[in-house]
Amino acid sequence: MGKNSIAKRPTRDEFELEELSEKLVEAKQEDQEVLLTVWGQTEQVRGRIREMDARTRTVHISRYGDVTKVPFLDIWKVESPGA
């Protein structure tokens, strides 16, 4: 193993990314709390989607007044808490 031993983010196809995007948009429109599984993080990110920034390609999640910015491509799964 050389310099490139850092785990690379697995790629997904357009269909998977489109499906993920639709779930995020729906949750934002309905102001639903979401649970995001994020690549490279052991804990899921929980909160409500406040903004989806197309320029920086990040999703802004708000919980208890704190905002977490998650890169769209790092999001693996969108769930409803308690689902």
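How big is the charge dipole of the stretch 11-83 about its Cα centre, in debye rounded to the nearest 20, if each Lys and Arg gets +1 on its Cβ and each Asp and Glu gets -1 on its Cβ?
Numbers: 11 positive and 16 negative charges, 72 e Å.
Charge dipole, the stretch 11-83, about its Cα centre: 340 debye, nearest 20.
Does anyone have the angle between helix 14-29 and the longest principal axis of the chain? Alpha-carbon axes, 0 to 90°, nearest 10?
30 degrees
Which residue, chosen from 61, 32, 78, occupies the Cα position most advanced towards the positive end of the dipole of the chain, where the dipole is computed from +1 (Lys, Arg) and -1 (Asp, Glu) charges on Cβ about the Cα centre?
The residue sitting most towards the positive pole is 61.
What's the longest piece of the chain with no exposed chymotrypsin sites (Phe, Trp or Tyr not before Pro), counting a site as exposed if DSSP puts it in a loop and it has at most 16 other beta carbons within 10 Å? Working shown, then result.
Working: sites that count: 39, 64.
Maximal segment without exposed cleavage sites: 1-38.
Pop a pseudo-label 7 angstrom from the Cα along the beta-carbon direction at both residue 41 and residue 53 and give the gap in nm to one decimal.
Label at residue 41, label at residue 53, 1.4 nm between them.
Are there any trypsin sites (Lys or Arg not before Pro) in the stretch 9-83 that are in a DSSP loop and have at most 14 other Cβ atoms within 10 Å? List them by number. Don't skip to the end; give the middle numbers.
Details: sites: 12, 23, 28, 46, 48, 50, 55, 57, 63, 69, 77; in loops: 12, 55, 57.
Answer by residue number: 12, 55, 57.
Straight-line reach from residue 23: which aspartates and glutamates have Cα under 13 Å away, leaving out those fewer than 8 places along the same chain?
Straight-distance partners of residue 23: 31, 33, 79.
May I have the convex hull volume per residue, in Å³, for the Cα set of the stretch 1-78?
Values: hull volume 8.4 nm³, N = 78.
Spelled out: Cα convex hull of the stretch 1-78, divided by residues, is 108 Å³.
Tell me the label-point distance for the pair residue 12, residue 25, using the 7 Å Cα-to-Cβ offset, in nm and rounded to one decimal.
About 1.5 nm separates the two model spin labels.
Computed from the coordinates by the stated procedures, all read-outs in this text should not be read as laboratory data. These numbers come from a predicted model, not from an experiment. Quick reminder, even Gly has a Cβ in these numbers, built from the backbone with ideal geometry, and neighbours come from all protein chains shown.
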